[in-house]
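To start, the structure under review is shown below, and the notes come after it.
The numbers here are math on the coordinates, done by the rules we state, and not lab data. Keep in mind it's a predicted model, so treat the numbers as computed, not measured. When we count neighbours, we look across all protein chains shown, and the Cβ atoms used for this are built from the backbone with ideal geometry, even at glycine.
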């Protein structure tokens, strides 16, 4: 027997209609490349998104076609977030931090027919265009110094047909395409649907997830080209919440200036962003008033206790989330259960450092050679995941590479434990585990312990060859400005937490650690540089 409910499709394009109809006066604020501020409303955004959709259809774009964007976080990119799917096409955000040839390969693989490019990024586009040429390039000069031509974004919108009827879509139709970071080979495309984006957006607004609401002022520091900006623009539009977009001005001082002027209540970024902002706060006389009550989502890599305590001192709450491009990305969220409010503060912070509980509709498990791991917080296994916004395959890819199990779970490549409370703790990537004398050492746990030292800015741990033990850990450390520390000092600091055989014998002190385009430690590069525990000259 079926229920007697309407079959109303879950369409993410309905978000912009809802926000424009019910919250038409709510602002969308963008900082532009020249540091000026652009303000308009959800009502104006919908009008322009509809005109973009009409213009794309007039240009010959048909349902399922891919339209690329090479843009910073600002209002024109937000219009593309909705205008491209309204035309029935697939929004493909290009990662501007990759090498031009890599961007070209990805755009070619995606089959982007049209690409919308920031005027400020035209020098980058010229390098990309040497290897990939779409049918048309549309230039969005949001500085106002436009050149009137058929490929000018504003001219395109002005000449769009006045009447436009959105494509009649099914909730399983594709709306977005993002590529993985490609740390283990050529990046792979993840094709998101109306349904997956809608459900992901709903989950983010739940009180025990991110608790987003219409009254929030949301500033995503995470780029709009990275996993759909973690879904935040979609969720903000669904709720009608004020959205603040920082453009290319991502330095800590600029972000704090927007926190101050726009009264931001929620923000999101990777740990390096928050470490930089925490340092900047030391010079802010109004730091406590500025951050009091703010929630900050951190993702991309593990967060340290030092970072959580640092923002806690200013009255802000750092929330750890975990996920991947394949999971849209939010899969688990950190936080405390109600009865944990009485726990000692150190235990609360330790729990907050874990990747957290699976959000509603998401299932996780850990698996090793013995099978499904017990939830004892100790037994490590590869993290498997499934749910309605988890990918079931890669875009235009012949083989899944063994990334999906026969019973339908996605194999994340992350290694972790699940404790008796259901909290996931990521201990490493499968390729980053260190096998010493036949036993596993978690590089992530060592990194977090090292970064809890007051003199350490950040630390990465990698495996280096060892004749006796097969592999041993090498700690690559960046010290805080004007700080001095010795290997013995750092080894003594972490020694109480780990078995003696976990402790690194070798340390390398560097000015910076190489990172991927999404802010993660680039351990492949570190392993290349420190093959023998010494810098390769």
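Tabulated results
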| read-out | value |
| --- | --- |
| Between the range 473-537 and the range 326-356, the Cα center-to-center distance that results, in Å | 27 Å |
| Inter-centroid distance (Cα atoms) of the range 1-17 relative to the range 201-232, Å | 22 Å |
| Length released on extending from residue 421 to residue 165, taking residue separation times 0.36 nm less the Cα-Cα span | 87.2 nm |
| Helical mean residue ellipticity (222 nm; -39500 (n - 2.57) per DSSP H run of 4+; nearest 500) of the chain | -8000 deg cm²/dmol |
| Neighbour-count ranking [beta-carbon atoms within 10 angstrom, fewest first] of 31, 491, 62, 411 | 62, 491, 411, 31 |
| Exposure proxy ranking, count of Cβ atoms within 10 Å, fewest first, for 376, 419 | 376, 419 |
| (1) 66, 55, 45; (2) 96, 61, 46; (3) 72, 61, 53, with the label sought being that of the calculated Cα extents along the principal axes in Å | (3) |
| Per-residue Cβ neighbour rank within 10 angstrom, fewest leading, 489, 1, 238, 380 | 1, 489, 380, 238 |
| Degrees, to the nearest 10: 42-58 long Cα axis against longest axis of the chain | 70 degrees |
| Shape call, the range 14-269: gyration tensor on alpha carbons, a/c limit 1.5 | rounded |
| Centre separation in Å (Cα based) which lies between the range 48-115 and the range 234-257 | 21 Å |
| Shape of the range 1-127, Cα gyration tensor, a/c cut at 1.5 | oblate |
| Three-way shape call for the range 434-529 based on the alpha-carbon gyration tensor, with the a/c threshold at 1.5 | oblate |
| Between helix 271-281 and the chain: long-axis angle, C-alpha atoms, 0 to 90°, nearest 10 | 90 degrees |
| Rounded to 10°, Cα long-axis angle of helix 252-262 versus longest principal axis of the chain | 50 degrees |
